Amino acid sequence: MLTAAGAGTGARSPHASDCLRSRMSENARGQPDAQGPGGAAPAAPRPESAVELKAVIEAERRGAPFLVFRDGEGGQRLHFLDGAATVTIGRADGADVCLSWDPSVSSVHAEVAAVAGHWLISDEGLSRNGTFVNTERLSGRRRLRHGDVLRIGRTAIAFNDAAPEPSSRTVAIETDADAPRVTEAQQRVLTALCGPYREHSRFATPATNQQIAEELFLSVEAVKTHLRELYRRFNLEELPQNQKRARLVERALQLGLAGPRRS
């Protein structure tokens, strides 16, 4: 069973018997006002004392990813993610990260899961009020990165994973079920980007922004906007700029999102 460490209020475990049951109001210290889509990013929980700062530093030295948030009494809580494949977040007593003091949190609100060495958060219709990563409402699954701030109800939870990423990884075989959700407009841009590869050419390269714009009767800026969003949805933002297009085409072909082959 995972453990949770606290600063200032003593260590507590995520067991139901240890679940906090504060009756403080929704505006209690540590519970930021809710922000809707496009609103200001929720403030990351920060240490407010030397004891809390020491707890965070020691947690980072441990080298395992962890969540940082404030409980209903305003105390800093640290929940380590190592040792479990899936961590549930919710208001129910059985949740691994129990936010019982926040009435805007659903019983089972979201899940954080380890996938191929990374941590992904998902809210597959589990919650009533939705889950936000930074300022964006979560749709499906999303890979968490160091410094991301989750908003679960009115509670801000920071994801801390300062450990360096491995230099090499096993490439996973993706299926249609893993395909990111794209809009119709983004699908048209993706299909146009992959066009040269659907002409049976051995020396194909991704279509340029200008070629895509001419094919779809869009401005070059509109094409760039769609591509930036596609890079984000396919988790390609961290790649060098000169690799993003080819990698996006590769992913689209693997997942069957490139459109039918041209004769």
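Numbers below:
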{"read-out": "Candidate set from segment 81-99 (those that are surrounded by fewer than 19 Cβ atoms within 10 Å (Cβ to Cβ), touching a residue at least 24 places away in the same chain (Cβ under 8 Å) and not charged (D, E, K, R)); member that is nearest to residue 53 (Cα to Cα)", "value": "83"}
{"read-out": "The one condition in (1) under 21 Å from residue 179 (Cβ atoms); (2) not in a strand (DSSP E or B) that residue 102 fails to fulfil", "value": "(1)"}
{"read-out": "Matching residues, segment 49-79, being open to solvent by 70 Å² or more (accessible area, probe 1.4 Å) and either within 23 Å of the chain's Cα centre (by Cα) or not hydrophobic (A, V, I, L, M, F, W, C) (or both)", "value": "54, 58, 60, 61, 62, 73"}
{"read-out": "Criterion: among the basic types (Lys, Arg) and at pLDDT 90 or above - qualifying residue of 62, 46, 70", "value": "70"}
{"read-out": "Pairs where the first residue, in segment 209-227, is closer than 13 Å to residue 190 by Cβ and the second is in a loop (DSSP other than H, G, I, E, B) and among the β-branched types (Val, Ile, Thr), C-beta under 9 Å, 6+ apart", "value": "226/183"}
{"read-out": "Segment 239-259, subset without any contact (Cβ under 8 Å) to a residue 40 or more places away in the chain and not hydrophobic (A, V, I, L, M, F, W, C), residue farthest from residue 207 (Cα to Cα)", "value": "240"}
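The values are calculated or read from the model by the stated rules, or taken from the named source; none is laboratory data. The structure presented is a predicted model; accordingly, all values stated were derived computationally and were not measured. Using ideal geometry, Cβ is built from the backbone for each residue, glycine included, and neighbour counts are taken over all protein chains shown. Side chains included, ligands, DNA and RNA excluded: accessible areas come from the protein's heavy atoms. Shrake-Rupley method; radii C 1.70, N 1.55, O 1.52, S 1.80 Å.
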